[in-house]
Amino acid sequence: MKASIITIGDEILIGQIVDTNSVYLAKELDLLGFEVSEIITISDKKESIEKAMSFQIGQVDLVIMTGGLGPTKDDVTKKVFCDFFEDHLVVDEQVLAHVTILIEDYFKRPISEVNKQQALVPSTSTVLFNTVGTAPGMLMQKGNTTFVSFPGVPFEMKTIFSEQLVPYIKDHFKGIFNIHKTIITYGIGESLLAEYLEDWENNLPSDIKLAYLPSPGKVRLRLSSRGFNQDFLSQSIEMQIDRMPESVKEHIRAYEDIDFPEIITKELQIRNKTISFAESCTGGRLAVMFNAKPGSSAYFKGGMVCYATESKVNILGVNQDTINKYTVVSEEVAMEMAEQARLKFNSDYAIATTGNAGPSKGDSDVEVGTVCIGIATPTGVFTKKYELGQPREKVINSAIAKGLELIYNEILKK
């Protein structure tokens, strides 16, 4: 089964908003067994929508369109959708009653003619009821291709998809399984990883595909297979993972697609330990990562962003003489920052970052791209100095990755 996703909106094309709908739909369609062959974004123009729809006929089994179903004049999708199927619009009484209740009971104003137009749908369409908004989804078929049109508001689209479309798909499309297994490796680059895996990769069964997904400090390995027997596919992938060379296994941090901070927090929780942060060049990003999950108070004690030199001294408690002697970007300062954070927040572990992320030098004369990371543990403090190059965002992301790897290794020692 193949599917395409079409998002409609000039606001996406000019970069005014981020298209999160396609990300959600792609993940959900994959879980339902579809192979998403194309994701495209088009303008609100009638010709663009017609052209995109025409191209999909016979190419895929399912087309999902989002956007352009509102009450304003620039929302043209419904009219184009109707014309494409040579149909005419009629009032859906259930939708009209729902819109009326929303407008008159919730918004406390009389329903207008513009609002009533939300209840117009192609006469032969399957209406996908929108319980959380006014614009319904619509489903129609041409040839062997099913077209679905959703409103572009993300929470409305997701609600209609899960409540209305998923049951339809399960009833009308033959089941197949897409199986993915993601492995998280840390501390090894993509090219060296590929070298270690070359023989193993060459001997993978033809129905198992390997993808490398690199990012600063880590590489995700995704093994994928597709077929009708879910248990067989999963077992086949697990068998290949068992055969991975030991040189790669020693860099594996997780056998599921989770972020490294989540891996670390699991280890902290297992050991009943806590962590805190003192951040300069990373600007609080480490603390945000560890505060993202519900229940983080069990292991996250706090963080301090000490960007300016005076804040490192006056608030965190770094010795001014240390800064004067070694400069603010130094291993000595990073060491004091880490230990002060551990003491002030009464945590078991602490990470500190100080560096020149660029593009120009700050309160230190060290080269741009220089970062020092301090790690405080129950048994001592140590630091590492890195030259991470440029640009600025790369330096920050790389510093975060280095700090996470350092603290992970220390936690595992206990």
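The values are calculated or read from the model by the stated rules, or taken from the named source; none is laboratory data. Here the structure is a predicted model, which means the values were calculated and not measured. FYI the Cβ positions are ideal-geometry reconstructions off the backbone, even for glycines, and counts take in every protein chain you see. Just so you know, the surface numbers come from the protein's heavy atoms only, side chains and all, with ligands and any DNA or RNA stripped out. Shrake-Rupley method; radii C 1.70, N 1.55, O 1.52, S 1.80 Å.
What to note about this one:
- Checked against (1) closer than 18 Å to N21 by Cβ; (2) at pLDDT 95 or above; (3) open to solvent by less than 30 Å² (accessible area, probe 1.4 Å), F155 passes all but a single condition, namely (3).
- Taken residue by residue, region 260-274 has at least one member that is over 22 Å from D365 (Cβ atoms), in contact (Cβ under 8 Å) with a residue 24 or more places away in the chain, aromatic (F, W, Y) and assigned to a helix (DSSP H, G or I).
- Flag if G15 is more than 20 Å from the chain's Cα centre (by Cα) and on the phi > 0 side of the Ramachandran plot: no
- Lone unmet requirement of (1) in contact (Cβ under 8 Å) with a residue 24 or more places away in the chain; (2) more than 30 Å from I252 (Cα to Cα); (3) in contact with a helix residue (DSSP H, G or I) (Cβ under 8 Å, 6 or more places away or on another chain) for N178: (2)
- When residues of region 368-379 are limited to those that are open to solvent by less than 40 Å² (accessible area, probe 1.4 Å) and of a type outside the set (A, V, I, L, M, F, W, C), the one nearest to G358 (Cα to Cα): G369
- Looking at E93, E50, just one residue is of a type in the set (D, E, K, R), more than 29 Å from K174 (Cβ to Cβ) and under 34 Å from the mean Cα position of the chain (by Cα), and that residue is E50.
- Filtered residues of region 140-169 (kept if polar (S, T, N, Q) and part of a strand (DSSP E or B)): Q141, T145, T146, S149
- Filtering region 282-293 to residues that are open to solvent by 10 Å² or more (accessible area, probe 1.4 Å), in contact (Cβ under 8 Å) with a residue 60 or more places away in the chain and assigned to a loop (DSSP other than H, G, I, E, B) leaves only G283.
- Any chance A357 is open to solvent by less than 10 Å² (accessible area, probe 1.4 Å), assigned to a loop (DSSP other than H, G, I, E, B) and of a type outside the set (D, E, K, R): yes
- All positions within region 164-215 that are at pLDDT 95 or above, among the hydrophobic types (A, V, I, L, M, F, W, C) and open to solvent by 60 Å² or more (accessible area, probe 1.4 Å): L192
- Pick from region 380-402, criterion out of contact with any helix residue (DSSP H, G or I) (no Cβ under 8 Å at 6 or more places or on another chain) and without any contact (Cβ under 8 Å) to a residue 60 or more places away in the chain, ranking: least open to solvent (accessible area, probe 1.4 Å): G380
- S22 fulfils the conditions (1) closer than 24 Å to V166 by Cα; (2) modelled with pLDDT under 95 except for a single criterion, (2).
- For region 188-210, a tally of residues being without any contact (Cβ under 8 Å) to a residue 24 or more places away in the chain, farther than 15 Å from V248 by Cβ and under 27 Å from the mean Cα position of the chain (by Cα) returns 1.
- Some residue of region 23-36 being free of Cβ contacts under 8 Å to residues at least 24 places away in the same chain and either assigned to a strand (DSSP E or B) or of a type in the set (V, I, T) (or both): yes
- Residue, nearest to K2 (Cα to Cα), within region 216-234, restricted to residues that are open to solvent by 50 Å² or more (accessible area, probe 1.4 Å) and part of a strand (DSSP E or B): R226
- Among the residues of region 294-348, those identified as open to solvent by less than 30 Å² (accessible area, probe 1.4 Å) and either on the phi > 0 side of the Ramachandran plot or touching a Leu at 6+ places or on another chain (Cβ under 8 Å) (or both) are Y299, G302, C306, M337, A341.
- For region 61-91, a tally of residues being surrounded by fewer than 21 Cβ atoms within 10 Å (Cβ to Cβ), at pLDDT 90 or above and assigned to a loop (DSSP other than H, G, I, E, B) returns 5.
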